[in-house]
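Participant: The structure follows.
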Amino acid sequence: MGKKKTISIVSVAAVIFCVMLIFYSAFLAKETGVEFFAMDTYIKVSAVGTDSAAACEKIQTLVNSLDTEMLSRQNENSEISVLNSNGGIMSEKMQEYILAMLGIYEKSNGAFDFALGSVSDLWGFGNNPHLPANSKIKSALEKSGADKLSISGNKISTNGAVIDFGASGKGIALDEIKELLGSMKIKNAVVSVGGSVLLYGKKNFTVGIRNPKGGSGSYIMTVSTPAACVSTSGSYEQYFEENGKNYHHILNPETGYPVDNGLVSVTVISDNGLASDALSTACFVLGIEDGMKLAEEYGCEIVFVDSRKKVTASDGIKDSLKITDSNYSFAE
Ligand code: AMP
Ligand code: MG
């Protein structure tokens, strides 16, 4: 009898303990979100965990300072503006970013060219989009390109070329945010910096790939993936029409004109933010065949969408990809 009573007291205690644990973990799994504008784009954070509120605040501070102090060409005092004007000593982080970008420049045979700043400035995306004179494009192109850079240890001279983080800065932000979250009590988080998204935590995430013809909330397919960085480069992101022709912001570094190869978007999934961002731009320029090879070299998954509404995906992601818009289908 006495033993039975003890067992039932123990089981009641166990039930109470479990209920308390459920309440406690519900309390722990606090979800907080924030939205703000930086790096010329909208940034949306959603985090779950004890430190979620603090993480939202710290992410804002981190992205703002990464942008204004290091990567922004609009701020003449940022590290990149100073280096673009006079060359000099790079900070450790800047050196790390530039070496990684140089690797992608070389492996993509110059398709990802992060020293094309004077050419993209001519197109005026962001403030005054227009078709520049061909002579201007030609002369800006002659002075541009990552092959103009002289780098020795932490010293850099740009020799007139203009380094631009337009195609990689958002991915760099994801890497820095991931490192920050790693030092905090965060169970999972989703952070989108324009077309680049950080999926953080030990669970499976489902992300939508945007409808090139729809608004920012309209998707043509979903991808299910564990934690990763997912970046999309799309010709629909920044474009204008002149004389009945459409001009977008992803440039062919050989011509200085927008890439015209039938692609409308390229999405790259990687565990590295800089790689996902830079490779989505590079593979957009390279096209399906060479882009697929480059993504494989970096161990990334990739999804191409073309203007015929055909979807081509790398083998590793095909099974986790669901086309939700019946106008689109897999390429044969
Ligand atoms: P994304 O949206 O990441 O593909 O980046 C596009 C932005 O990168 C443009 O707005 C330009 O500032 C810059 N850009 C354009 N073409 C290239 C290119 N071929 N390589 C590197 N950066 C580029
Ligand atoms: Mg990019």
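Participant: Quick one: would you say E69 is touching a residue at least 60 places away in the same chain (Cβ under 8 Å) and surrounded by fewer than 18 Cβ atoms within 10 Å (Cβ to Cβ)?
Facilitator: It is false that E69 is touching a residue at least 60 places away in the same chain (Cβ under 8 Å) and surrounded by fewer than 18 Cβ atoms within 10 Å (Cβ to Cβ).
Participant: What's the total number of residues in region 59-106 that are farther than 16 Å from T158 by Cβ and in contact with an Asp or Glu (Cβ under 7 Å, 6 or more places away or on another chain)?
Facilitator: Qualifying residue count for the region: 3.
Participant: Considering only region 236-253, state which residues are open to solvent by 20 Å² or more (accessible area, probe 1.4 Å) and either under 17 Å from the mean Cα position of the chain (by Cα) or among the acidic types (D, E) (or both).
Facilitator: Listed by number, the residues that qualify are Y236, E237, Q238, E241, E242, H249.
Participant: Scan region 145-179 for residues that are within 12 Å of ligand 1 (Cβ to nearest atom), out of contact with any Leu (no Cβ under 8 Å at 6 or more places or on another chain) and not in a loop (DSSP other than H, G, I, E, B) and jot them down.
Facilitator: Result: K170, single match.
Participant: Look at G201 and say whether it is on the phi > 0 side of the Ramachandran plot and within 14 Å of ligand 2 (Cβ to nearest atom).
Facilitator: no
Participant: Let me ask another. Taking region 257-289 as the search range and keeping residues that are touching a residue at least 12 places away in the same chain (Cβ under 8 Å) and among the acidic types (D, E), which one is surrounded by the most Cβ atoms within 10 Å (Cβ to Cβ)?
Facilitator: Taking the candidates together, the pick is D277.
Participant: Would you be able to say whether some residue in region 293-305 is surrounded by fewer than 22 Cβ atoms within 10 Å (Cβ to Cβ), touching a residue at least 40 places away in the same chain (Cβ under 8 Å) and away from ligand 1 (no atom under 16 Å from the Cβ)?
Facilitator: Looking for residues that are surrounded by fewer than 22 Cβ atoms within 10 Å (Cβ to Cβ), touching a residue at least 40 places away in the same chain (Cβ under 8 Å) and away from ligand 1 (no atom under 16 Å from the Cβ), one finds at least one in region 293-305, hence yes.
Participant: Next up: Identify all residues within region 165-209 that are in contact with an Asp or Glu (Cβ under 7 Å, 6 or more places away or on another chain) and crowded, with 23+ Cβ neighbours inside 10 Å; write none if there are none.
Facilitator: The answer is A167, S168, K170, G171, S196.
Participant: Condition (residue is within 18 Å of G194 (Cα to Cα) and either open to solvent by less than 60 Å² (accessible area, probe 1.4 Å) or assigned to a helix (DSSP H, G or I) (or both)) applied to region 50-58: is it met by at least one residue?
Facilitator: There is at least one residue in region 50-58 that is within 18 Å of G194 (Cα to Cα) and either open to solvent by less than 60 Å² (accessible area, probe 1.4 Å) or assigned to a helix (DSSP H, G or I) (or both).
Participant: Let me ask something additional. Scan the helices (runs of 4 or more DSSP H) fully inside region 218-332 and keep the ones with 3 or more residues being in contact with a strand residue (DSSP E or B) (Cβ under 7 Å, 6 or more places away or on another chain).
Facilitator: Those helices (runs of 4 or more DSSP H) span 273-286, 288-297.
Participant: Moving on. How many residues, within region 254-298, are within 15 Å of ligand 2 (Cβ to nearest atom) and within 12 Å of the chain's Cα centre (by Cα)?
Facilitator: Total satisfying the criteria: 15.
Participant: Of the conditions (1) at pLDDT 95 or above; (2) of a type in the set (D, E, K, R); (3) more than 27 Å from L131 (Cβ to Cβ), R308 clears all except one; give me its number.
Facilitator: (3)
Participant: Regarding region 254-261, can at least one residue be identified that is out of contact with any helix residue (DSSP H, G or I) (no Cβ under 7 Å at 6 or more places or on another chain), within 16 Å of ligand 1 (Cβ to nearest atom) and of a type in the set (D, E, K, R)?
Facilitator: Yes, some residue in region 254-261 is out of contact with any helix residue (DSSP H, G or I) (no Cβ under 7 Å at 6 or more places or on another chain), within 16 Å of ligand 1 (Cβ to nearest atom) and of a type in the set (D, E, K, R).
Participant: Does region 84-129 hold any residues that are open to solvent by less than 40 Å² (accessible area, probe 1.4 Å), part of a loop (DSSP other than H, G, I, E, B) and either farther than 17 Å from G169 by Cβ or within 11 Å of ligand 1 (Cβ to nearest atom) (or both), and which are they?
Facilitator: Once the filter is applied, which keeps residues that are open to solvent by less than 40 Å² (accessible area, probe 1.4 Å), part of a loop (DSSP other than H, G, I, E, B) and either farther than 17 Å from G169 by Cβ or within 11 Å of ligand 1 (Cβ to nearest atom) (or both), region 84-129 yields G87, S108, G110, A111, F112, D113, F114, A115, G124.
Participant: Which of the residues that make up region 140-167 are touching a strand residue (DSSP E or B) at 6+ places or on another chain (Cβ under 8 Å) and within 16 Å of ligand 2 (Cβ to nearest atom)?
Facilitator: D164, A167
The values are calculated or read from the model by the stated rules, or taken from the named source; none is laboratory data. A quick note: this is a predicted structure, and the numbers were derived from the prediction, not measured. Quick reminder, even Gly has a Cβ in these numbers, built from the backbone with ideal geometry, and neighbours come from all protein chains shown. Each accessible area value is taken on the protein alone, full model and side chains, heavy atoms only, with ligands, DNA and RNA left out. Shrake-Rupley method; radii C 1.70, N 1.55, O 1.52, S 1.80 Å.
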